[in-house]
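**Q** Can you keep this structure in mind? I'll have questions shortly.
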Amino acid sequence: MGALDYAGGTVVHVTAGFSALAAAWVVGRRHGGTPLYGSRPHDLRLSFFGAGLIWYGWFGFNAGSALAANCLAALASVNTHLAACAAAVTWMAVDRLRHGKVTTVGALSGVIAGLVAITPAAGYVPPMAAIVIGLAAGLAAFYGVLFTRWLGLDDALDVFGIHGVSGILGALLTGIFATTAINNDPGVVDGLAYGEHGIALLLAQCIAVAAAASVSVAGTVLVMRATQILIRLRVDPDEEIDKGLDHALHGENGLRLDSRPN
């Protein structure tokens, strides 16, 4: 139908977000629930290091989707970086307004949201549009995370809020900001920002998002229900709360809290 998805934003991130939503619904909440705003990371240094690796690796499949070391690959790299930075700024600003502090976890979440949102658009939009997409993604993902918790779903890594919501946003904004002035490959058309003829592209983007979401939810629920017939989907409460999964499943502990210095 002519939908555009430069580096897999729809087929990867919309799919991941809605699959996570379905999985969280089927498995249910962790015992003891989750805090209202986020879960404290075990080690903030590892969170920072991991986000840095993701950011670095993201250039591989966004720029790499040009399938050559050319101007389009360079543009995709620039757009990727700008969107990530813009989304981090937005998330930090909302963090400050709502909670009075800028947090490292919030900034890292914003970075990931920006990376996700620019993925379907990276090779189709100009850099200024990438900044707009990033700014919008930081805001949308922040409230997407809160919306998931409002629904009562225990999405441990906020996959729907960050990947799903940002993926949807990126796919739709591709239908607005894509332009043949940036990419004149066959099948690429101008988005809605460049005239009413872009309505057809935006409609195709909406249908692509709806299709990916529907298949993901139905497929995930089907697979998990089938799995549930054969094995358990979750451990016993005492294994989850008291022993911990490392000990219950492997007979060892990944972290010994009693060995940490005072």
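**Q** Hey, in the GNM for the chain with a 10 angstrom Cα cutoff, which one of 212, 87, 226 fluctuates hardest?
**A** Its mean-square fluctuation being the largest, the pick is 226.
**Q** Considering the chain as a Gaussian network with a 10 Å cut-off on Cα pairs, which listed residue, 45, 30, 96, attains the greatest mean-square fluctuation?
**A** Greatest mean-square fluctuation among the candidates belongs to 45.
**Q** In addition: Between residue 215 and residue 68, what is the label-point separation in nm under the 7 Å Cα-to-beta-carbon projection?
**A** 2.9
**Q** Near residue 147, within a Cβ-to-Cβ distance under 15 Å, what is the net charge of the other residues, with Lys and Arg +1 and Asp and Glu -1?
**A** With Lys, Arg at +1 and Asp, Glu at -1, the net is -1.
**Q** Given a cut-off of under 8 Å on Cα pairs at least six residues apart, what relative contact order in percent is computed for segment 1-140?
**A** Worked out over segment 1-140, it gives 31 percent.
**Q** While we're on this one: If the chain between residue 200 and residue 98 were fully stretched, how many nm would it gain, using 0.36 nm times the residue separation less the Cα-Cα distance?
**A** That pair, residue 200 and residue 98, stretches by 32.9 nm at full extension.
**Q** If you place +1 on the Cβ of every Lys and Arg, -1 on the Cβ of every Asp and Glu, and leave all else neutral, what size is the dipole of the chain about its Cα centre, to the nearest 20 Debye?
**A** 420
**Q** Here is a follow-up. Could you identify which residue out of 13, 250, 197 has the top mean-square fluctuation in a GNM of the chain using Cα springs shorter than 10 Å?
**A** Per the Cα network of the chain with a 10 Å cutoff, 250 tops the list.
**Q** Still on this model: Any idea what log10 I(q)/I(0) is at q = 0.27 Å⁻¹ for segment 95-169, Debye with uniform C-alpha scatterers and no solvent?
**A** Taken in order of the listed q values, log10 I(q)/I(0) reads -1.22.
**Q** What is the Cα radius of gyration of segment 30-177 over 2.2 N^0.38 Å, N being its residue count?
**A** Values: Rg = 15.3 Å, N = 148, 2.2 N^0.38 = 14.7 Å.
Rg over 2.2 N^0.38 Å, computed on Cα atoms: 1.04.
**Q** Could you tell me the extents of segment 162-262's C-alpha atoms along the three principal axes, largest first, rounded to whole Å?
**A** Taking max minus min along each principal axis of the Cα atoms, segment 162-262 gives 63, 44, 20 Å.
**Q** Going by how many other beta carbons lie within 10 Å of each one, how would you line up 240, 252, fewest first?
**A** By the 10 Å Cβ count, ascending: 252, 240.
**Q** Equivalent ellipsoid semi-axes for segment 1-100, as square roots of 5 times the alpha carbon gyration tensor eigenvalues: give them largest first, rounded to whole Å.
**A** With the √(5λ) rule applied to segment 1-100, the semi-axes are 30, 20, 14 Å.
**Q** Counting each DSSP H run of 4 or more residues in the chain as -39500 (n - 2.57), what helix-only mean residue ellipticity at 222 nm follows after dividing by all residues, to the nearest 500 deg cm²/dmol?
**A** One gets -20000 deg cm²/dmol as the mean residue ellipticity at 222 nm.
**Q** Regarding the chain, what are the three Cα extents along the principal axes, ordered largest first, in Å?
**A** Taking the Cα atoms of the chain, the three principal extents are 60, 45, 36 Å.
We did not get these values from a lab; they are worked out from the coordinates using the rules stated. Fair warning: this is a prediction, and the values are worked out from it, not measured in the lab. Ideal geometry is used to build each Cβ from the backbone, glycine not excepted, and the neighbour counts take in all protein chains shown.
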